[in-house]
Every structure is written in structure tokens, then in C-alpha cells.
Amino acid sequence: MMPKPSFLLPTYDTPLGHRLRSLWSLDPSIHFLNHGSYGATPRFVQAAQLRWREELENEPVRFIGDILPDALRVAGARLARFVGTSPPRLALVENATAGVTAVLRSIRWNAGDRIVLANHAYPAVKNTARYLAERYGLHVIEAQVPWPLTSAEALVEAYTAAIEGGARIAIIDHIFSPLAVVTPLGAIVRLCRERGVQVLVDGAHAPGMLRLSLDALGDMGVDWYVGNCHKWLCAPKGCGFIVATPEGQRDLHPAVISNFYGEGFEKEFAWTGTIDPSARLAITAALEFIEAIGLERYHTALRAQAREASAMLANAWGVVPGAPAEMFAAMVTLPLPVNEPGSKEAVARWRLKLLQEHNIEVPVHAINGRLWVRISAQVYNELSDYEALAQVFA
Ligand SMILES: Cc1ncc(COP(=O)(O)O)c(C=O)c1O
């Protein structure tokens, strides 16, 4: 393999902020406040992905037959260590959607089974539950998470009320997509365990944003944990994982059944048909990139930046973020300071207006009839990016 371009790697003392932005391909004219949706891949990681692609195309048959299985094992083992589990518990998948689908479609459902998920669960996850409900006669029970949220207890209470009547499975968002809040998993998982409810955690945003100890969560009663690497781990797009307890692996199959059906968790997930595996193989480079910044420094910087930016915006706009500051990590959701009802049309119009007229990329959501904006904090951002957003409504 070619040597790694070390000039694309930061070091623990590289100053954070706009000077770091050249390590990404991001358009410098845009205030990019939406790392959350799809992540953004550093050039160092893109280069690693390209090297894997070149190696693959150099001799595709030899690569796929002789090199890929071990290379995937190495990437999976590195990721497993990072998220606090052991390699036999982790399988790589395309994305969180594929992971959630694999888990939910593997369950042998009985008519009348109940699936608990939150009203603010990610649409793809809700749709998968709806699809299964229509096919098998299941009931989908929505935990009514209030918004704005006044406390973590209110979030726990919403799930508690939904689980009260029993369920086959509860799907818990570790970090909610539109709300940006971090769910305190402990109390909800304990309750599920007491009631014999299986637990799937949708942790799409968590890897890289939160320190994860997934074996500890498994011991608590999380049967399956699904995460993305292409968001806050900065891996290339199309890169996620499932961590499953040994019991959770027993009848678990990928969303796409392929050549190794019935041959066990590792083999089935390692091959789901011919795909470009370079994103997965570049996980190692993504972890190296974040570890070069310093993992603790990365976590602390994202939280601090999100907190400072949201406090500034809240003050400038005279609004209150959707939840207490300690419930957020690297993203914060605040009311957009406009006097108009939240609608699909308004969401699309505001996002485009902010991008086209102000060079700000930030997601706008309609939640409970009102417009909200979700800011992301990444090491390439500076307070001036958020000040540009504040100024739009000055
Ligand atoms: C909570 C949550 N779940 C699932 C997903 C789906 O992720 P992907 O599109 O990578 O499958 C997202 C994406 O933002 C998310 O926020």
C-alpha cells in the first residue's frame, strides 16, 4: 500500500476552527452547521478510501477473495475496541437504516406483538416498524416525548408510559435526530429488562459524539445497538455497524440475504453481495484521524462549541433551546425566531433561504407546529459560523 499522507492528519496541538477546515473538502464559503445529517469526511480518510479502491481494482477477484475478509476483520476489530465491545459482537453494515432493518426483519413476529418507539424516532425506523405492523398485524406504540423537553425525567417518563402495557421490543433513540437530545438509557433499559422487553438502541449519531461502552449496555439489557460511522466518526458514507449480544445474534440476519445465509453472524454480515467495501475499510483511517486530534479533546471541543453557540443564539434571538443544556452534546435544537407555523413548505423554504442568501447550511425542522433549527458543532467550526446565523434574524 502507498504511504499515508501524514500532512492531512491533525495533531493534538493543531488549533481547532477554520484553520482545520482545509483538512476537509468543505466549501470554505459555506457556514457548514450540519455535520449531523451525513457527516463530512476528512481528506485523510478520503485518501485512505481511495487507496482501498485502487487496491481492489488492481485485482478485484484476488482482493475480494483473499484480502477483503481479513481487512474487514481488522477494521471491525478496531471499531469494536473503540465502541467498547469485542470483535465477535460487531458486524459492519451500510448504515443505521440497514442495521435497524436487519434487527427488525429478523424477529419472528406474532400478530398482536407491540413495538414501542418514540414519536420523534427517525422516519426510516418508523417506516420499517409500520411496514412490519402492516405485514404481521403488529401494534406500534409511540412514546410521546414532549417538546420542548423540560428534563431528562420527562423523556424517561414518555418511554415508561409506552412500555407500561408490555411490548416485544422497544426501540430507543440514543440521540434524537430532530431534537438533538441524548437519552439517558439506563432507566429505560432497566424497565424493559424488568418487563421482558427486548431493546434495540438506535445510536445513529452516537459513535464519535459520545464515549460508548457497548458491552456494558449489553449487560444492562440492550440486545442490539446500531450506529453510524459516517456521522461523528467522520468515516466515508455508507458505513455503520450493529453490536449484538450472543443471544441477540442467534436469529439475526442482514437485511439482504446472500451467499452465507445460515453460516453465522460474522460470515453473513461480511458478505451481502458485491458492494464497494472501501468506506468500511477506511474506518481505521477515520479513527486515526480523530485520535490524532485526541478523542477527549474532540468530545470536549464539540460539546463546548455546541454549548457556546447555542447560548449565543438563544441570547441573540431571545429564545430558549428545546431542552436543558446538559441534555445536548454536539448538536442543539433551538426555535427559529420567526413568527410562522411549522410546515413542510416553510422548512424547505427556510433551509434554501439560509443556504442561498446567507451561505449557511443548517437543518430546519417543523416540530409540534413550530419551526426549529438544529445546529451541529464540529472541530472545523468557529463561533463566527453561528454568528452568521444569528445575524440573519437580527
Ligand atoms: C436517529 C437516526 N436513526 C437513523 C438514521 C439513519 O441513518 P442512515 O441514513 O445513515 O441510515 C438517522 C440519520 O440521520 C438518525 O438520525
Please verify whether the range 108-122 includes one or more residues that are away from the ligand (no atom under 16 Å from the Cβ), assigned by TED's automatic domain parsing to the domain that holds Met220, out of contact with any Cys (no Cβ under 8 Å at 6 or more places or on another chain) and open to solvent by less than 20 Å² (accessible area, probe 1.4 Å). no
Somewhere in the range 341-361, is a residue touching a Phe, Trp or Tyr at 6+ places or on another chain (Cβ under 6 Å) and surrounded by fewer than 21 Cβ atoms within 10 Å (Cβ to Cβ)? yes
Is there a residue being part of a loop (DSSP other than H, G, I, E, B), open to solvent by 30 Å² or more (accessible area, probe 1.4 Å), modelled with pLDDT of 95 or more and closer than 25 Å to Asn228 by Cα anywhere in the range 276-285? yes
Can you tell me which of (1) assigned to a loop (DSSP other than H, G, I, E, B); (2) in contact with a Ser or Thr (Cβ under 7 Å, 6 or more places away or on another chain); (3) of a type in the set (A, V, I, L, M) is the one Ala167 doesn't meet? (2)
Looking only at the range 141-160, which residues are in a loop (DSSP other than H, G, I, E, B) and open to solvent by less than 70 Å² (accessible area, probe 1.4 Å)? Val145, Pro146, Trp147, Leu149, Ser151
So is Glu308 over 21 Å from Glu361 (Cβ atoms) and either open to solvent by 20 Å² or more (accessible area, probe 1.4 Å) or in contact (Cβ under 8 Å) with a residue 24 or more places away in the chain (or both) or not? no
Scan the range 7-27 and give yes if some residue there is outside any helix (DSSP H, G or I), open to solvent by less than 70 Å² (accessible area, probe 1.4 Å), away from the ligand (no atom under 16 Å from the Cβ) and aromatic (Phe, Trp, Tyr), otherwise no. yes
Set Arg114, Arg105: member being closer than 21 Å to Gly238 by Cα and in contact (Cβ under 8 Å) with a residue 12 or more places away in the chain: Arg105
Is it true that Val256 is under 24 Å from Tyr131 (Cβ atoms), in contact with a Gly (Cβ under 8 Å, 6 or more places away or on another chain) and surrounded by fewer than 24 Cβ atoms within 10 Å (Cβ to Cβ)? yes
Enumeration of residues in the range 177-218 that are open to solvent by 30 Å² or more (accessible area, probe 1.4 Å), of a type in the set (Asp, Glu) and in contact (Cβ under 8 Å) with a residue 60 or more places away in the chain: Asp215
Among the candidates Glu266, Glu291, which residue alone is more than 16 Å from the ligand (Cβ to nearest atom), open to solvent by 30 Å² or more (accessible area, probe 1.4 Å) and within 23 Å of Thr14 (Cβ to Cβ)? Glu291
Among (1) away from the ligand (no atom under 16 Å from the Cβ); (2) closer than 30 Å to Ala270 by Cα, where does Pro146 come up short? (2)
Only one residue in His139, His205 is under 29 Å from His253 (Cβ atoms) and more than 13 Å from the ligand (Cβ to nearest atom), so which one is that? His139
Which listed residue, of Pro207, Pro236, is more than 19 Å from Thr128 (Cα to Cα), under 12 Å from the mean Cα position of the chain (by Cα) and at pLDDT 95 or above: Pro207
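Yes/no per residue for (1) touching a helix residue (DSSP H, G or I) at 6+ places or on another chain (Cβ under 8 Å); (2) among the hydroxyl-bearing types (Ser, Thr, Tyr); (3) away from the ligand (no atom under 16 Å from the Cβ):
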site: Leu200; (1), (2), (3): yes, no, no
site: Gly218; (1), (2), (3): yes, no, yes
site: Val222; (1), (2), (3): yes, no, no
site: Lys231; (1), (2), (3): yes, no, no
site: Pro236; (1), (2), (3): yes, no, no
site: Asp251; (1), (2), (3): yes, no, yes
site: Tyr261; (1), (2), (3): yes, yes, yes
One residue is enough: does the range 366-375 have a residue meeting the conditions open to solvent by 10 Å² or more (accessible area, probe 1.4 Å), without any contact (Cβ under 8 Å) to a residue 40 or more places away in the chain and within 24 Å of the chain's Cα centre (by Cα)? yes
Options Ile163, Ile172: the member that is open to solvent by less than 10 Å² (accessible area, probe 1.4 Å), away from the ligand (no atom under 13 Å from the Cβ) and out of contact with any Asp or Glu (no Cβ under 6 Å at 6 or more places or on another chain): Ile163
Looking only at the range 86-100, count how many residues are outside any strand (DSSP E or B), under 18 Å from the mean Cα position of the chain (by Cα) and more than 9 Å from the ligand (Cβ to nearest atom). 0
Only unsatisfied item for Ala40, checking (1) modelled with pLDDT of 95 or more; (2) open to solvent by 60 Å² or more (accessible area, probe 1.4 Å), is (2)
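The values are calculated or read from the model by the stated rules, or taken from the named source; none is laboratory data. If you're wondering where the values come from, they're calculated on a predicted model, not measured in any experiment. FYI the Cβ positions are ideal-geometry reconstructions off the backbone, even for glycines, and counts take in every protein chain you see. Surface areas here come from the heavy atoms of the whole protein model, side chains and all, with no ligands, DNA or RNA. Shrake-Rupley method; radii C 1.70, N 1.55, O 1.52, S 1.80 Å.
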